[in-house]
Amino acid sequence: MKTVSLSSRQHWVYITVAAMCMAATFPGRTHGLGLITESVLRDLSLDRTVYGFYNLSATLIGALFCIPAGSMLDRSGCRLTLTIVLAGLGFSVFGMSLTQNKIAFWILLTLTRGFGQSALSVASITLISKYFPKSKLGFFMGIYSVLVSVFFMGVFGATGMALEHIQPLTLSFAGIETILPPWRVAWGSVGLILLFFCIPVVLLCIRDHPVIPQTEIPEPEDCIEEDGIPFSKATGTAAFWVFALSISFFGLISSGIGLHNEDILLERGFDAKMYHFLLLLPIPFGLMSNLVVGLLTRRFRIKYILALSLLFTGLVKFLFPFIQTPAQVYAYTIVLAISGGGLSVLFFIAWADLFGKREVGKIQGLAQMLSVFASAAGPLFFACSKEWTNSYAPAFYISGGLTILFAIAAYLMRMPVRN
């Protein structure tokens, strides 16, 4: 069975809405929560170790939201799923801004991780996977990746400015005055934006069964194949596990380095100035890679692009402990940004490209869950390397070697065949 894909105008609307939804996951991501961490610790009188346990357990439990979200996307469509997930995230974030109870905060943190980092990420990517034909998927996923990066920079910048400039808010109810500190005002505002801006945009712009207006005649390539490989068979293929595990492992490495990078660079003899510069240096190269890889997927099989990206990633990881000069650090960062940008696009594209659109939501949900689990383990992996050997070098040798093995597996694996 086939349905007609989106018109050219609708392509851009759906891409923009999908990117907006991905950016809306930021309250459930580590970097987003990092904006309020210090304020939360002071306000709730939380021990840093306890908060670390809260965050780890919330991340692992929240990852389980990926599977039901994927199933709901296949069963009920993107419009309803996005609406429910955004509502859950909005209420969770707003609740976090009001609660004074530590247990309630942990529950809301778990829901924020589950609805945000997990479920909304799956729904955002699946919105593109379901409604774009294979011939255009790579290019538009590249555009989507660029928009996601731009939107993330915007929401992080806006939230950071709000935290700096918003004044405490005094509320009066039944003669009792309550003063909300700036982090609660800013975080509560994020929850309200999710509820009263993002949800109406989805309801206005997204349809579950898109059709081209009668005045436009679709080309044959604009027809979306609704058949494909079911979830049970897809997860029994080598292709699923090579793509899912290799890209998740890259996420593990990235999260570990992201958390410990200042100390990692210090071990190599570089100061905090280098650390702060390297936060900005990769951005243009990552964006360029998003677009280029999106275009390359139209000409080359994605397993070869995956293998090449993993090979470069593995090599720079393996060689990092030998870095001695600033130029070498810059080269390492740029190559990693290019290969990482390519891997992010491949993660978005792979599931619909390999297995069709029949149960792509559920397939993508499992892949996202594995990715979240891996990201949660990354900081611990690098911390153990430092604690056990007094150096991060073993973590780089191990991760570099394993990544190269993943590259070989990607090159040799069989692509699934649809009936």
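The values are calculated or read from the model by the stated rules, or taken from the named source; none is laboratory data. All values reported here derive from a predicted model rather than from experimental measurement. Heads up, the Cβs are rebuilt from the backbone with ideal geometry, glycines too, and the neighbour counts pull from every protein chain shown. Please note that ligands, DNA and RNA were not included when accessible areas were found on the heavy atoms of the full protein model with its side chains. Shrake-Rupley method; radii C 1.70, N 1.55, O 1.52, S 1.80 Å.
Only DSSP H runs of four or more residues enter the estimate; each adds -39500 (n - 2.57), and after division by the residues of the chain the mean residue ellipticity at 222 nm equals -24000 deg cm²/dmol.
Distances between placed amide hydrogens fall under 5 Å for Leu180 paired with Leu169, Thr170, Leu171, all partners being 5 or more residues away or on another chain. Computed from phi, the 3J(HN,Hα) profile of the range 315-322 under the Karplus parametrisation 6.51, -1.76, 1.60 (θ = phi - 60°) reads 5, 5, 5, 5, 8, 4, x, 9 Hz, with x in place of Gly and Pro.
Distance between the pseudo-spin-label points of Val50 and Val150 (7 Å out from Cα toward the beta carbon): 4.4 nm.
Extending 7 Å from the Cα toward the beta-carbon at both Phe322 and Leu98 defines two label points whose distance is 5.9 nm. For the options Thr30, Thr159, Thr389, a Gaussian network treatment of the chain with springs between C-alpha atoms closer than 10 Å singles out Thr389 as fluctuating the most.
Quote the Stokes-Einstein diffusion coefficient, in whole µm² s⁻¹, for the chain, based on the Kirkwood radius over alpha carbon pairs, a temperature of 10 °C and a viscosity of 1.306 mPa s.
Details: Rh = 22.3 Å.
After rounding, the answer is 71 µm²/s.
A simple spin-label model places the labels of Ser232 and Ser76 2.4 nm from each other, with each point 7 Å out along Cα-to-Cβ.
Within the straight-line cut-off of under 20 Å between alpha carbons, the lysines reachable from Lys130 are Lys2, Lys233, Lys357, Lys362, sequence neighbours fewer than 8 places apart in one chain being disregarded.
Residues considered: Gly361, Gly256, Gly52. Largest GNM mean-square fluctuation over the chain, using C-alpha springs under 10 Å, is found at Gly52.
Set the Förster distance to 35 Å, then compute FRET efficiency between Leu295 and Val417 from the Cβ-Cβ distance, nearest 0.05.
Values: r = 25 Å, r/R0 = 0.73.
Step by step, r from the Cβ atoms, then E = 0.85.
Under 1.5 on a/c is rounded, so check that first for the range 86-166, then, if it is not, pick prolate when a/b is larger than b/c and oblate when it is not; a ≥ b ≥ c are the square roots of the alpha carbon gyration tensor eigenvalues. The shape class here is oblate. Annotation: lysines with alpha-carbon distance below 25 angstrom to Lys386 (same-chain offsets under eight excluded): Lys273, Lys317. Remark: the range 99-169 carries 36 Å² of accessible area per residue (probe radius 1.4 Å; ligands, DNA and RNA excluded).
Distances between placed amide hydrogens fall under 5 Å for Gly228 paired with Arg358, all partners being 5 or more residues away or on another chain. In this calculation the C-beta distance from Asn390 to His31 is compared with R0 = 30 Å, giving a FRET efficiency of 0.60.
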